[in-house]
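**Q** Have a look at this one.
Laboratory data are not the source of any read-out in this text; all were calculated from the coordinates shown. Since this is a predicted model, take the numbers as computed values, not measurements. Glycine also receives a Cβ, built like all others from the backbone with ideal geometry; neighbour counts cover every protein chain displayed.
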Amino acid sequence: MSSDRMQGTYDPRYADIYQRGGDGDAASRMASPAPLAPALPQVIGSTADPSEIREVGPGTVARPAHDTPRNPFDVWVWLVAGVLLAAGTYLLVAPILHDQQYLESMALAPSGPTGPPWFQYTVTAAPPLILLGGATAVVQLFVLSIRHTLRTR
């Protein structure tokens, strides 16, 4: 146990570096200097500014961009969905648009009480076309979202 009066005395059990007033120069006691660090390889052709700070880590490693070609049928599927929706909407509204024109052209020859016969066909064909066009658009959105999710993983 040490006391305050022993603080200033020399203890031969310990090296000088651990003694008060002992030799504090650790470099004089080193047997050999540490080996120098190996030089970093020079990057030839690098146009990066050497004063620029860049973080390096697993999240910052640049991945090569995979330019996967787009499916050429994507555009055609969207066009088909649009044409089906437009045709269904037109056939649904066609009797209203052309009823007055039909009545004026057929004023001399009256038709049946329900109007011209093609009116029934358009009203019957319009809902399936609208549903088919809408379903095509929804399925195409689903396929594109799945493809995007798989590509970004």
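**Q** What nm distance separates the two modelled labels at Ile53 and Trp78, each placed 7 Å from Cα along Cα→Cβ?
**A** Output for this residue pair reads 4.3 nm.
**Q** Per 0.36 nm of contour for each residue apart, how much would the distance between Gln120 and Val93 grow if the chain were fully extended, relative to their Cα-Cα spacing? Write down the numbers at each step before the final one.
**A** On the way: separation 27, 0.36 × 27 = 9.72 nm, distance 1.19 nm.
Extending this stretch completely gives an extra 8.5 nm.
**Q** Can you tally the net charge around Leu144? Count Lys and Arg as +1, Asp and Glu as -1, for every other residue whose Cβ sits under 12 Å from the Cβ of Leu144.
**A** +2
**Q** Further, regarding this structure: In what sequence, highest mean first, do 117-127, 139-149 appear when ranked by Cβ atoms within 10 angstrom? Display every interim value, and only then the final one.
**A** Numbers: 117-127: 13.8, 139-149: 11.8.
Top to bottom by mean Cβ count within 10 Å: 117-127, 139-149.
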